Every structure is written in C-alpha cells, then in structure tokens.
Amino acid sequence: MELAEKLKLLPDSPGVYIMKNGSGVVIYVGKAISLKNRVRSYFQSARNLSPKTVSLVSQVEDIDYILTDSEVEALILECNLIKKHRPRYNVRLVDDKSYPYLKVTLGEKYPRVYMTRNVVRDGSRYYGPYTDVTALKDTLKLLKRIFPLRSCKQKSVKGQDRPCLNHHIGRCLAPCTGKVDPDRYMEMIKDVCMFLEGRQEDLVKHLARQMEEAAENLDFEKAAALRDRIRSIEKVVEKQKIVSTDFSDQDVAALARQGETACIALFFIRSGKLIGREHFILDEVSDTDDGELVSVFIKQHYNQVEFIPKEILLPVETTEKEVITAWLERKRGSRVYIRVPRRGEKLKIVEMAARNAAEELAGHRAREEAARARIETALAGLKEYLDLSGFPERIECYDISNIQGAESVGSMVVFTGGKPDNARYRRFKIKSVEGPNDFASMQEVIRRRFGRALREIEAIEAGKLDRDKAKFADLPDLVIIDGGKGQLNAAREAMKELGFDPVPTFGLAKEHEYLYGENDPDPIILPRNSESLYLVQRIRDEAHRFAIEYHRSLRGKRSLKSILDDIPGIGPKRRKAMVEHFRSMAALRKATVEEIAAVPGLTVPVAEAVYEFFQQED
C-alpha cells in the first residue's frame, strides 16, 4: 500500500506508530492518543516543522502502527520499541544498552547478587542503571563484605562435602553444604534488597530486632554477626547527607545542555538522605525543548528500573505529565507525584542537581573533544607513516581463528572515522580450506569480501541495486591483515585477481607489531607511544575478538550437538531445533524445564529428560 493511502486509513485511536526508511529500517517510533491526527501532522507544510522533523519526513517510506487500549499502554510499548530498534531520530540515552545493573536472582533457591548488562524478565530484581561501573563494583564489594552472599556462579547450588574458603573467612553461609536453610538465606536477601533500595535505617531496625531475639535465645554467635552487620551499615548511613527534612523517598532530576548534547543528573533521596547520584547523556537534542527532553528521559529511565519513588522533582514541567504519572503509578502500585518546585528546600535540591549536571556535561564534552583529537592525530599519522594518498576514513581489518583447522572462521571489522562501525562487521565460515592453513583461509575471506563488492558495484551501475541496500560496495581506504608476509601476500593475490590491487594493504606482524607493505622488505615501525599505533592495536584486537567469538560459537554448537546425541528421545530434528534455540551449552545448562519445553517439537517429558541429564552431569 502506498504511503499516501496509509495516511488516509489511519485510525482515530491510541497506539504507537513506526516510521521506516526505504531499506525497511525503523527510524522513528512515537505514540499518540489519536494516530490519525498525530501522524498526519508530520506531513504538513515544512514551514511548520523543525529541521530535524523535515529530515525525518524526507526519509519516511513506510509507516506501521500498533493499536493499544489506552495512552498509558502506548507509552509502555513506545519505550520498549525504542529500546529494541534504537531509531535514528528518537532522542535516547547515549549507550543506554550498555549501562550495568545489580541483579538479585530472586527466582533461585539461593539467590545470587552480581553485575549484569542484560535485563531479562526472569523473576529477578534489578537495581540501576549505573553510569559509573566503578561505583557499581564498589557497591557490590560492600554488599559482600556486609552480607555473607554466595559468590559461586552456578544457578543451582550443588551438594559439596566441604565449603569453599569464603565460608571459612565468614563471607559465605555455604548453602552448597546445607549449612543454611533456604528460608534463612532468603531473609538475608530481603535485607540486601532493603539496602539497595536505600532503606538502610529500616534495615538497621529490622536487624536490631533479630539481634535481640538471637540474644534472648542464647544464640550469641548469630547475635554477634548481626551486631557487626549493623555497625557496617551504620557507617554507610553516617556518610549520607540529609537533604530533606520530610524524610521522604524522592528522585531529583536536573538538566544541562549545550549544542547537540544534554546531561541529566539524577539524585536518589531515600528517607530524606542523599544516597547516590547518576548522570545520563542524551545526544542530538538541538531541536528538542527542555520539557520534551525531561519527558524522554523519564520514559526511558523508569522503563528499566524496579523502584519508583513517591515523588519526582523536575526542573521544568514535562510534556505528557498526566499519562507519565498514570504509568508510574501503575508500575509503583500507589500514588506518584511529579513536581517542579518553585521555592524552598526542594528548589535548592534541584539547583544542586543542576550544578552537577552542568559540571558533568562540561567534563563529557572535554573528554569527547580529547578523544576526537586523538583519533584525528592517529589517522593523520597513518596517512604519513604509510604514505597514503588521503585520510584512511574507512579501515578494515581481517583475522582468522581456528584450533588445528577445526571450525575455521574469518572476521572483518570496520572502523569509520577511527571508531568501531559494528553494523558493518562481517564474519565468514571457511568453506574451501581443510586443516590449519591460515594463508588459504585468509585468501578465501578476501575473495568473498571483494568478490561481493565487485558484484554489488556492477549491480549499482546497472541500476539493479540501490546503494543504500548494498553491504559490501563501500571500499576501504586501508586494509590491515592480522599476520605477517604470508597472510599479506595471500590477501594481495586475491585482491589483484578481482581488480582491487589499488587498495592500500598492510600486514601486522604479531611479535613486534610492525606493519609490512607488499613489496617492501623493511617493516614500517610506528612510534611506540603514538596514537597511530594505539589505533592499529585497537583495530587488530577487535578483529581478533570478533573472530574468536564466532569460532567459540561454532565450537559450542558442535559440542552441544554431540552431547545431545547421548540423551534419549532427542533425534536429528529435535537436536537441530535445540541448537538453533539455545545456541550454546551454557544457555541450555541454565534453562528450566519450561524454557526447554518451549523449543518447537519438544514435549514436557522430553524437556524433563534433558533437564535431568544436565543436572546429573553437574
């Protein structure tokens, strides 16, 4: 259906609209109480639109929509789709996918507490996100010092004859040996959650009651342990600053912006005490007003956190206040107040957060500028040292990975403007080479990469392929082969066969990290402390990592296939379905019976047999 026809048929109902470009890539996600009115507003006179919206509309080739029962449901769906697709024209938290969390695995018999970057709806509780990884690690160390949590990585606790060293030094209750029952361990986990939620004073009172009960029961060892835990928590509480006299739970957000970048500082106040702060960077915000920026932040941040405070203080009135409040109240289960203080104590807290936001934004911009200068220096150095005709804007690096020729793979990583361009990474499963022959494997990878480029370029010139849809037509300004003269010569031979011999290509020898040209017997030695060498090392390390990951993935699938052969009831079809579903042995080991039974073609009895097999193996 043509776009104009779709616009005519849009319903007057709440929902989410999804805008796509000519390649089918999602470039914008929005919500509306009336899809018809909201979406049509984009296609009015350009004089009424911001430059960013004009650019967006010029690329829209298709629009999908999803109806919802209410605007609140549309908001939730919008948040999830933005996180999934990361659309080009949506304002979003910079690197929001990589923010770490503290995870408490409440679904396990003996829960663990550890750092993770993946939020999964598995019954666990997540605390964060943390923008400062060091602060998160310090928090985790503090938790393990105060609470004797198990540190083993297994999902289920296996029976052991002897506890580990952590138990002997008082850092673990040793559930693996049955020295603690699940109920007592879970009580401690509840205390951990109270601590992470900032309810330290409530926690101290709770532990004090337990200590008194233990003393009355003449369990002096337990009472002493609780006393030490209370003292450790009180030391943490002493360092926290009282900033609110009404002793309520609040989050305080403030905004600083400059050019295309904004920073939001978020203070966490629990029971009137400032227990921590985080900052978040938002990019490409020049055409977005302060109220909309704050709205974007609230939706993206609170969509991925567990705890919602009773009150949220903001520097400006946010757009969509009513629907956001209704959404937060649904998530919290009770009233939530979003306020913009005008005077008094609360205004001072917002102003303090604003000063922190401005300071962090200045630091962020300084770090960005320094990084940009380092990259420019590195690229200019490579142009000079390698005698290139121009700046190496696009650099490709290739590596081969195998173990004695088994599961041999190749990797191609791309750095654009000195930064990793992950969307253009490619990996190759070696097809024509048997045994450990890195030279022939490298030649196959280069032939496949540049052979595909040749076909795409010819198709583009013939009008049979849009350049936006081509994956290999963009040629590198510099190629780096991870290896010495042998790998370099093999790669150059393939490039010459296909007519790409003008592309500058160098081999990077592993031992001394010297670069070798094709016809030059003497190495090119980049200065030891130069930015150019650091960039080449980063590119080489990335190619190596990417190849190793693919090799391990294939090796894991092969191991998984072989071990599944030993399980009764698993034939070729079920084995293939399980390999495609779980992809690794580790994922299958962690799976529950329900998760295994969800694999197409598996019944519950077979899933139970698979689960029992891995439990016995452990």
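The values are calculated or read from the model by the stated rules, or taken from the named source; none is laboratory data. All of these numbers come straight from a predicted model, not from anything done at the bench. Backbone-built Cβ (ideal geometry, glycine too); neighbour counts: all protein chains shown.
For the stretch 282-306, which residues satisfy the criterion of being β-branched (Val, Ile, Thr) and closer than 26 Å to ARG121 by Cα?
Result: VAL296, ILE298, VAL305.
Only one residue in ARG575, ARG545 is surrounded by 15 or more Cβ atoms within 10 Å (Cβ to Cβ) and either within 30 Å of CYS397 (Cβ to Cβ) or at pLDDT 70 or above (or both), so which one is that?
On the way: ARG545 fails: surrounded by 15 or more Cβ atoms within 10 Å (Cβ to Cβ).
Checking each option against the conditions leaves just ARG575.
Take the conditions surrounded by fewer than 16 Cβ atoms within 10 Å (Cβ to Cβ), out of contact with any helix residue (DSSP H, G or I) (no Cβ under 8 Å at 6 or more places or on another chain) and in contact (Cβ under 8 Å) with a residue 12 or more places away in the chain and apply them to ASN48. Does it pass?
So ASN48 fails the test.
Give the residue that is farthest from GLU78 (Cα to Cα), with candidates limited to residues of the stretch 28-49 that are aliphatic (A, V, I, L, M) and assigned to a helix (DSSP H, G or I).
Looking only at the stretch 28-49, we keep the residues that are aliphatic (A, V, I, L, M), and these are 29, 32-33, 35, 39, 46, 49.
Adding the requirement that they be assigned to a helix (DSSP H, G or I) leaves 35, 39, 46.
Details: LEU35: 13, VAL39: 14, ALA46: 25 Å.
Ranking the qualifying residues of the stretch 28-49, first place goes to ALA46.
Residues to consider are ILE66, ILE33; find the one that is touching a residue at least 24 places away in the same chain (Cβ under 8 Å), surrounded by fewer than 20 Cβ atoms within 10 Å (Cβ to Cβ) and in contact with a Gly (Cβ under 6 Å, 6 or more places away or on another chain). Don't jump to the end; show me each part of the working.
On the way: ILE33 fails: in contact with a Gly (Cβ under 6 Å, 6 or more places away or on another chain).
The conditions single out ILE66.
Within the stretch 101-118, which residues are within 17 Å of the chain's Cα centre (by Cα) and buried (at least 18 other Cβ atoms within 10 Å of the Cβ)?
TYR101, LEU102, LYS103
Does LYS419 satisfy the criteria of being under 23 Å from GLU531 (Cα atoms), of a type outside the set (Val, Ile, Thr) and loosely packed, with under 15 Cβ neighbours inside 10 Å?
For LYS419, the condition - under 23 Å from GLU531 (Cα atoms), of a type outside the set (Val, Ile, Thr) and loosely packed, with under 15 Cβ neighbours inside 10 Å - is met.
Test of understanding: among GLU61, GLU71, which residue is at pLDDT 85 or above and either touching a Pro at 6+ places or on another chain (Cβ under 7 Å) or on the phi > 0 side of the Ramachandran plot (or both)?
Answer to the selection: GLU71.
Can you tell me which residue in the stretch 511-520 is farthest from VAL479 (Cα to Cα), limited to those that are in contact with a helix residue (DSSP H, G or I) (Cβ under 9 Å, 6 or more places away or on another chain) and either in a loop (DSSP other than H, G, I, E, B) or without any contact (Cβ under 8 Å) to a residue 12 or more places away in the chain (or both)?
Among those residues, the one meeting the criterion is GLU513.
Output the residues belonging to the stretch 112-137 that are charged (D, E, K, R), at pLDDT 80 or above and touching an Asp or Glu at 6+ places or on another chain (Cβ under 9 Å).
Within the stretch 112-137, just ARG125 meets the criteria.
If LYS144 satisfies all but one of (1) farther than 30 Å from ALA265 by Cβ; (2) at pLDDT below 85; (3) over 21 Å from the mean Cα position of the chain (by Cα), what's the number of the condition it fails?
Answer for LYS144: the failing condition is (1).
So ARG150 passes all but one of these: (1) at pLDDT 80 or above; (2) assigned to a helix (DSSP H, G or I). Which condition number does it fail?
(2)
When only residues in the stretch 156-209 that are in a helix (DSSP H, G or I), within 11 Å of TYR110 (Cβ to Cβ) and not charged (D, E, K, R) count, which is nearest to the chain's Cα centre (by Cα)?
In this case the residue turns out to be ILE189.
Output yes when any residue across the stretch 451-464 is in contact with a Phe, Trp or Tyr (Cβ under 9 Å, 6 or more places away or on another chain) and buried (at least 19 other Cβ atoms within 10 Å of the Cβ), and no when none is.
Yes, some residue in the stretch 451-464 is in contact with a Phe, Trp or Tyr (Cβ under 9 Å, 6 or more places away or on another chain) and buried (at least 19 other Cβ atoms within 10 Å of the Cβ).
Quick grid of which residues meet (1) modelled with pLDDT under 90; (2) under 31 Å from the mean Cα position of the chain (by Cα):
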| residue | (1), (2) |
| --- | --- |
| ASP421 | no, yes |
| TYR425 | no, yes |
| GLY463 | yes, no |
| ALA470 | yes, yes |
| LEU478 | no, yes |
